[in-house]
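Report on the following structure.
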Amino acid sequence: MPIAKPGASLKQLRKTNGWTLADVSKRTGIPPSTLSRIENDRVSPTYDLLARLSQGLSVDVAQLVSSAEAPAPAMAEQQGRRSLNRLGDGELIEMRNHTLRYLSTDLLKKQVTPILCEYRARTLAEFGEFMHHVGEEFLFVLEGAVELHTELYAPVVLKAGESIYFDSRMGHAYLAHGPGVCRALSINVTPQEEMRKAHDVAAARARPPSEPARPKRTVAAAKQRRRRPS
């Protein structure tokens, strides 16, 4: 199974566009120190961070996690496209308390981002800060049980075969409930209008500021200057 290299992808994207870490930080709202740690493989980005990079830099999440040297060409306007995932396929990102395997990364501009997840944190302290990202999310438990915490609702435990659909702008955290392995399929949906808004903001930030207009010189003003005594 390929190991995803989001740090290398981010660095290459940044250099290709001539951006500094400060430029990327301004576009995404992610501190330069965090971006540097991602680029140098000192931290594995969560989906939350990848979504912010995707929206702020106007790139597909798949482009950031793909281990390929160059991203596959986008075919969003073509009919009948497909992506086959065999057993063990996907781009793997290992984190301290969970593992994410991104599927169908050969297709860009997808309507959804499918991820196979394995959760290992068993307390909120282990999980860390709640995640927030644009869009909605569908979570289907494959094995074990997931304890889902959100900002607005009481925690809920989902057993294998159960699922939940929720607004992912709401803070959320996933815990492994009980002993044993905990695996789930997460499908993240980003509304196209939200992506367009994010892309418009990124494009506006990329444009250099316009120079202030110089005051126009009138004919009367020019004559008055010529009449001034030296």
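The values are calculated or read from the model by the stated rules, or taken from the named source; none is laboratory data. Owing to the predicted nature of the structure, the values given are computational and were not obtained by experimental measurement. When we count neighbours, we look across all protein chains shown, and the Cβ atoms used for this are built from the backbone with ideal geometry, even at glycine. All accessible areas refer to the heavy atoms of the entire protein, side chains included, with ligands and DNA or RNA removed. Shrake-Rupley method; radii C 1.70, N 1.55, O 1.52, S 1.80 Å.
Tell me which residues, restricted to region 167-184, are open to solvent by less than 50 Å² (accessible area, probe 1.4 Å), farther than 16 Å from E126 by Cα and assigned to a strand (DSSP E or B).
A184
Quick check on my filter: what residues within region 129-140 are under 17 Å from N97 (Cβ atoms) and in contact with a strand residue (DSSP E or B) (Cβ under 7 Å, 6 or more places away or on another chain)?
Of everything in region 129-140, those that are under 17 Å from N97 (Cβ atoms) and in contact with a strand residue (DSSP E or B) (Cβ under 7 Å, 6 or more places away or on another chain) turn out to be F130, M131, L139.
Are any of the residues in region 60-74 among the β-branched types (V, I, T), within 24 Å of H172 (Cα to Cα) and either open to solvent by 30 Å² or more (accessible area, probe 1.4 Å) or modelled with pLDDT under 95 (or both)?
Yes: one or more hits.
Which pairs turn up if I take residues in region 29-45 that are among the acidic types (D, E) and look for partners that are open to solvent by 50 Å² or more (accessible area, probe 1.4 Å) with beta carbon separation below 6 Å, at least 6 apart in sequence or on another chain?
Final answer for the pair search is E39/K11.
Given the residues L50, L35, which is the only one that is open to solvent by less than 30 Å² (accessible area, probe 1.4 Å) and modelled with pLDDT of 90 or more? Don't jump to the end; show me each part of the working.
On the way: L50 fails: modelled with pLDDT of 90 or more.
Unique residue meeting the criteria: L35.
Which of the residues belonging to region 1-15 are in a helix (DSSP H, G or I) and open to solvent by 30 Å² or more (accessible area, probe 1.4 Å)?
A8, K11, Q12, R14, K15
When the residues of region 106-137 are filtered to those that are open to solvent by less than 30 Å² (accessible area, probe 1.4 Å) and part of a loop (DSSP other than H, G, I, E, B), which remaining residue is nearest to D89 (Cα to Cα)?
Restricting to residues being open to solvent by less than 30 Å² (accessible area, probe 1.4 Å) and part of a loop (DSSP other than H, G, I, E, B), the top hit is L107.
Restricting attention to region 132-152, which residues are on the phi > 0 side of the Ramachandran plot and either polar (S, T, N, Q) or within 21 Å of the chain's Cα centre (by Cα) (or both)? If you could, list the steps in order and put the result at the bottom.
Initially, region 132-152 is screened for residues on the phi > 0 side of the Ramachandran plot, giving 135, 144.
Scanning region 132-152 gives a single hit, G135.
For (1) at pLDDT 95 or above; (2) in a loop (DSSP other than H, G, I, E, B); (3) within 25 Å of K26 (Cβ to Cβ), each residue gets a yes or a no:
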{"residue": "L139", "(1), (2), (3)": "yes, no, no"}
{"residue": "A154", "(1), (2), (3)": "yes, yes, no"}
{"residue": "Y165", "(1), (2), (3)": "yes, no, no"}
{"residue": "S186", "(1), (2), (3)": "yes, no, no"}
{"residue": "A198", "(1), (2), (3)": "no, no, yes"}
{"residue": "V201", "(1), (2), (3)": "no, no, yes"}
{"residue": "A213", "(1), (2), (3)": "no, yes, no"}
{"residue": "A220", "(1), (2), (3)": "no, no, no"}
{"residue": "R226", "(1), (2), (3)": "no, no, no"}
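In this structure, does R96 turn out to be in a loop (DSSP other than H, G, I, E, B) and at pLDDT 95 or above?
In short, no.
If N85 satisfies every condition in (1) out of contact with any Leu (no Cβ under 6 Å at 6 or more places or on another chain); (2) open to solvent by 40 Å² or more (accessible area, probe 1.4 Å); (3) touching a residue at least 12 places away in the same chain (Cβ under 8 Å); (4) more than 13 Å from V61 (Cα to Cα) but one, which is the exception?
Every condition holds for N85 apart from (1).
If we scan region 16-26, do we find a residue that is buried (at least 19 other Cβ atoms within 10 Å of the Cβ), in contact (Cβ under 8 Å) with a residue 12 or more places away in the chain and charged (D, E, K, R)?
Checking region 16-26: not a single residue is buried (at least 19 other Cβ atoms within 10 Å of the Cβ), in contact (Cβ under 8 Å) with a residue 12 or more places away in the chain and charged (D, E, K, R).
If I go through region 75-89 residue by residue, how many of them are modelled with pLDDT of 90 or more and closer than 16 Å to V112 by Cα?
The qualifying residues number 4.
For the list (1) surrounded by fewer than 17 Cβ atoms within 10 Å (Cβ to Cβ); (2) farther than 16 Å from N188 by Cα, I need the number of the one condition that I93 fails.
Every listed condition holds for I93 apart from (1).
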